[in-house]
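Can you keep this structure in mind? I'll have questions shortly.
None of the figures in this text is laboratory data; all of them are computed from the coordinates on show. Here the structure is a predicted model, which means the values were calculated and not measured. Reconstructed Cβ throughout: ideal geometry from the backbone, glycine too, with neighbour counts over all protein chains shown.
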């Protein structure tokens, strides 16, 4: 245990130094949000994978596999598909146009501040959910060490707040690249290590036959696991900032294609770890099964490096969540609508205060929710329902207007909230909800043509 703590401390210190170094690329608030447009293909790949690999992809994938066996792959597959769709459609456009947020696009396309405001508010709440998922992952790590999950959530929150206050997007991106490489090689090595020591025999001997089905649940659950994250690429603030930060539009496209192609097969790796954990450690909590296996099966130093990389990836993803919220609240709402002449000092001060408020809200969510994948799926459903149709409609249909965008976003958000809180039940909600949203967008736009 002492070795693990020492390695954790050293690794996190190195990542913190890199993050602080990244401040040189955050000379002003715009550079703070876009890494001064210096991101390379490697940085796009690393941060694209890193955006998911810390909590939902690895820890959530292992947790889902401990509960559902091979069915645990679908969230990871959705993550990979999201980047392939993003690269094939709008990644290059975002870079060429210089959009920092989707609100920038809405302002240019619909010429109406209320449309921008709806997106900014919905994105803020969505990224609160993503940040809460990172805190839940930190909570799972502490539970893996036998420490109170509540204490772990609080410590994780404080650490990510400090980190976010010291680094801009470039620092988060560079640390994310390093962590992604370590985690990718680490989890593959972990799966190979488990299988080489007879782990597959342990899995087949101890798990029920249903755990070996790729779709062990009903169709609605299956759709909910991968479709929201696959479609959310059009409205994901992290994707916008990543594409905007690329040196060229070609870099933005190629980086996301490679990231997507790597993530689909990689989704199987945490599933093997989670299934082995369920078989070998039947009394372990599914939420912390990844850490239980790594700490229980690996040599101390190797386990510490992998755990440190995952924890640091959580920090970087949390940092990017802070940056996404800062981009929407400070860049879009405060600077874009309330105080267009705000100074750099005012913007950075507001971002710091906002980070503290966001931390408290995200910590509260992390202590209420119990499943990382469920929280992330709900978050991405919220983003898709409120923003996807106004975005795609604006690109593909010239008659779409701001009134249609506002009405459709309101319908999507309301239906998603009603379904999420069990007030109504919508079958295949993440897909079916888009039907009335599209109808409202078209009908209201046509009815209000000038």
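How far, in degrees from 0 to 90, does helix 268-280 lean away from the longest principal axis of the Cα atoms of the chain, to the nearest 10?
Helix 268-280 and the main axis of the chain meet at about 40 degrees.
Can you tell which of 187, 273, 372 shows the greatest fluctuation in a Gaussian network model of the chain with Cα springs below 10 Å?
Judging by the Gaussian network model, the answer is 187.
Further question on the same structure: Please check which bits of the range 205-247 a label hung off residue 396 would reach, taking the label as a point 7 Å along Cα-to-C-beta and the cut-off as backbone N under 15 Å.
231-235
Right, here's the next one. Using per-residue counts of other Cβ atoms within 10 Å, averaged over each peptide, order 430-438, 417-425, 352-360 from highest down.
Taking the mean over residues of other Cβ atoms within 10 Å, the ranking is 430-438, 352-360, 417-425.
Here is a further query. I need the per residue convex hull volume for the range 36-148, using only the alpha carbons, in cubic angstrom as a whole number. Numbers along the way, then the final one.
Details: hull volume 17.1 nm³, N = 113.
Convex hull volume per residue, Cα atoms: 151 Å³.
Per-residue counts of other Cβ atoms within 10 Å, averaged by peptide: what ranking do you get for 221-227, 406-412, 300-306, highest first?
My ranking of the peptides, most packed first, is 406-412, 221-227, 300-306.
Report, in whole Å, the centroid distance computed from the Cα atoms of the range 299-322 and the range 332-398.
If you average the Cα positions of each part, the centres end up 24 Å apart.
Apply the a/c threshold of 1.5 to the C-alpha gyration tensor of the range 296-405 and tell me whether it is rounded, prolate or oblate. Please report the intermediate quantities before stating the final value.
Values: a/c = 2.52, a/b = 1.50, b/c = 1.68.
Oblate is the answer for the range 296-405, as a/c is 1.5 or above yet b/c matches or exceeds a/b.
Could you work out how much longer the chain between residue 285 and residue 424 gets when fully extended? Use 0.36 nm per residue separation minus the Cα distance between them, nm to one decimal.
46.9 nm
Given the alpha-carbon gyration tensor of the range 204-267, what are the semi-axes of its equivalent ellipsoid in whole angstrom, ordered largest first, with each equal to the square root of 5 times an eigenvalue?
Square roots of five times the eigenvalues give 34, 15, 8 Å.
Another one. Fewest to most neighbouring Cβ within 10 Å: what's the order for 63, 143?
Ordered from fewest to most neighbouring Cβ atoms within 10 Å, 63, 143 come out as 143, 63.
Okay, moving on. Using 7 Å Cα-to-Cβ label points, what is the residue 147/residue 111 separation (nm, one decimal)?
Simple spin-label model gives 5.6 nm for this pair.
Still on this structure, I have one more. Enter the angle in degrees (range 0 to 90, nearest 10) between the Cα long axis of helix 219-231 and the first principal axis of the Cα atoms of the chain, meaning the one along which they spread out most.
60 degrees
Based on the mean of other beta carbon atoms within 10 Å per residue, what is the order of 393-399, 152-158, most packed first? Walk me through the intermediate numbers first.
On the way: 393-399: 13.9, 152-158: 20.6.
Output ranking for 393-399, 152-158: 152-158, 393-399.
Here's a follow-up. Going by how many other beta carbons lie within 10 Å of each one, how would you line up 347, 367, fewest first? Write out the running numbers ahead of the final one.
Working: 347 20, 367 16.
So the ranking, lowest neighbour count to highest, is 367, 347.
Moving to a separate point now. For the range 2-371, what relative contact order do you get, as a whole percent, if you take Cα pairs closer than 8 Å and at least 6 residues apart?
Relative contact order for the range 2-371 comes out at 40 percent.
Something else: If a/c stays under 1.5 just call it rounded; otherwise compare a/b with b/c (prolate if a/b is bigger, oblate if not). Do that for the range 345-397, with a ≥ b ≥ c from the square roots of the Cα gyration tensor eigenvalues.
Taking the square roots of the gyration eigenvalues as a ≥ b ≥ c, the range 345-397 is oblate.
Okay, next question. Helix 344-368 versus the longest principal axis of the chain: what is the Cα-based angle in degrees, 0 to 90, to the nearest 10?
Between helix and principal axis, roughly 50 degrees.
Using only the Cα atoms of the range 2-371, build the gyration tensor, take square roots of its eigenvalues as a ≥ b ≥ c, and label the shape rounded, prolate or oblate: rounded if a/c is under 1.5, else prolate if a/b is larger than b/c, else oblate.
prolate
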